[in-house]
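The values are calculated or read from the model by the stated rules, or taken from the named source; none is laboratory data. Everything numeric in this text was worked out from a predicted model, so none of it was measured. FYI the Cβ positions are ideal-geometry reconstructions off the backbone, even for glycines, and counts take in every protein chain you see.
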Amino acid sequence: MNEKSAVTRNAAKELVMFLFCSTVYRLFSGALMVSLTWTILNQDEGGYLPLALAIFCSFIPAFITPAMIKRLSLRMNGRQMSSWFVLGLAGLALISGVSRDFTLGLLITNLFAWLMIMSLEASLDMWFAQIQRGMDETRVRRISGATTATSQAALMTGPLLAAGLMPILNGMGFSLVLSAGFFMVAAICFTRHSQPSAVQTTVEVTAATRLPLTLFVPMVLIWPILGAFNFMLPVYVASHGWALFELGVLDAVFGLGMALIGVLVIIANTGRNLTAYLSGLIALALIATLMWLLMPDNLLLKALSLLILGMAFGGARVHIRVAIACRYSEAAVGLYVSRANALATPVLLLILSLQLAMIDNAWLLPFLLVTLSVALLLQTSATRFARGPSSTAAVGA
């Protein structure tokens with residue numbers, strides 16, 4: 001009995017450590033990425049090509065991360081990997097301050113920062129898998145909900161942190177603050193004697209039902225939508241003579257919309273009527289588009305439009321995760337997600353090219369892509385697919 005209590009206490013301590021480290025990391029990473037985006041945008045007055053190049057290159061690490069994680073997992077567990085990756089971000093934060101006046105240096109820093117962030121997302125999932133091993137499904141769902149809520153809150157606060165501190169501190173001062181924050185997280189989550197790595201098991205990929213295009217295409221569009229949004233937002237802010245504060249606010253409310261729809265999904269139990277749920281998401285996307293197009297250039301109105309768009313986009317992401325998790329094994333999900341991420345890079349290149357060609361209306365593409373994604377999910381095949389879980393063992397996200 002005492003041994004069981006000790007195990008429970010250790011698991012609780014590990015969970016608290018995970019929540020703290022993952023939340024604070026996302027707070028400072030959100031501040032770092034928005035500061036890099038803003039600094040790159042202001043390198044060439046009136047020139048948006050460096051920003052487009054930075055956003056496109058930020059998705060290149062998606063091809064490198066899986067092989068790197070697989071190799072490192074032979075020697076380290078998720079918590080140890082997370083510590084080293086956060087330490088890498090601490091160094092990159094310093095480099096961003098040193099190279100703040102050099103476009104090439106900022107582009108390279110941005111590329112490696114995204115490599116660390118994508119690797120961290122994988123290592124944090126490994127760490128979470130260690131913590132929840134042996135717990136009942138209900139408790140795992142509650143823990144997963146808590147991590148999602150705290151992480152989204154941190155990602156929303158990060159841009160505001162940058163907006164508040166960058167005008168006060170000089171370029172290097174802000175970089176030192178970020179580096180110190182990352183170093184603190186790395187030191188806290190580092191351990192030499194943590195839980196052993198999860199036992200690797202072979203899971204057979206079942207092919208009972210092919211993934212419909214109406215679901216796969218929205219999966220491909222997730223990262224391009226985020227990339228198109230990250231490009232159009234600073235372009236819009238700069239073209240209207242606004243500053244970093246407005247950029248931080250608009251970026252934050254988009255994330256707030258994604259967090260809000262997550263709460264509503266849990267409260268309303270929307271799985272009972274997927275057609276109504278997806279139709280509601282399309283309505284939100286259309287309302288957001290019309291508001292952005294027709295309303296005056298007022299910060300409050302634009303923020304409300306992006307809040308609604310964030311709800312539509314976040315709702316689509318929730319539906320995609322549920323649809324694939326309830327139908328395929330973990331190995332099959334990983335296969336489809338990796339294929340979608342690989343195709344996302346050329347799609348993003350096409351979208352950024354279109355945005356550069358129609359720079360005055362660059363905002364339109366992310367709005368239209370969110371609407372298209374939800375419309376595809378509403379197709380009968382995707383809706384029926386999500387309702388009926390197969391005999392394949394479902395994996396909790």
> Right, N269: more than 23 Å from L213 (Cα to Cα) and at pLDDT below 80 or not?
Replying inline: yes
>> Step by step: first the residues of region 68-83, then only those that are surrounded by fewer than 20 Cβ atoms within 10 Å (Cβ to Cβ) and more than 20 Å from the chain's Cα centre (by Cα), then the one that is modelled with the lowest pLDDT. Which residue is that?
In response: K70
> Which condition does M17 not pass, out of (1) in a helix (DSSP H, G or I); (2) modelled with pLDDT under 70, if it passes all the others?
Replying inline: (2)
> Only one residue in R100, R79 is in contact with a helix residue (DSSP H, G or I) (Cβ under 7 Å, 6 or more places away or on another chain) and assigned to a loop (DSSP other than H, G, I, E, B), so which one is that?
Replying inline: R100
> Does region 20-75 hold any residues that are assigned to a loop (DSSP other than H, G, I, E, B) and among the aliphatic types (A, V, I, L, M), and which are they?
Replying inline: I64, L74
> Before we move on, is L161 part of a loop (DSSP other than H, G, I, E, B), among the hydrophobic types (A, V, I, L, M, F, W, C) and either in contact with a strand residue (DSSP E or B) (Cβ under 6 Å, 6 or more places away or on another chain) or modelled with pLDDT under 85 (or both)?
Replying inline: no
> Considering only residues of region 84-115 that are among the β-branched types (V, I, T) and surrounded by fewer than 21 Cβ atoms within 10 Å (Cβ to Cβ), which is nearest to A180 (Cα to Cα)?
Replying inline: I95
>> Among the listed residues A362, A342, A331, identify the single one that is more than 19 Å from I287 (Cβ to Cβ), at pLDDT below 80, in contact with a helix residue (DSSP H, G or I) (Cβ under 8 Å, 6 or more places away or on another chain) and not hydroxyl-bearing (S, T, Y).
In response: A342
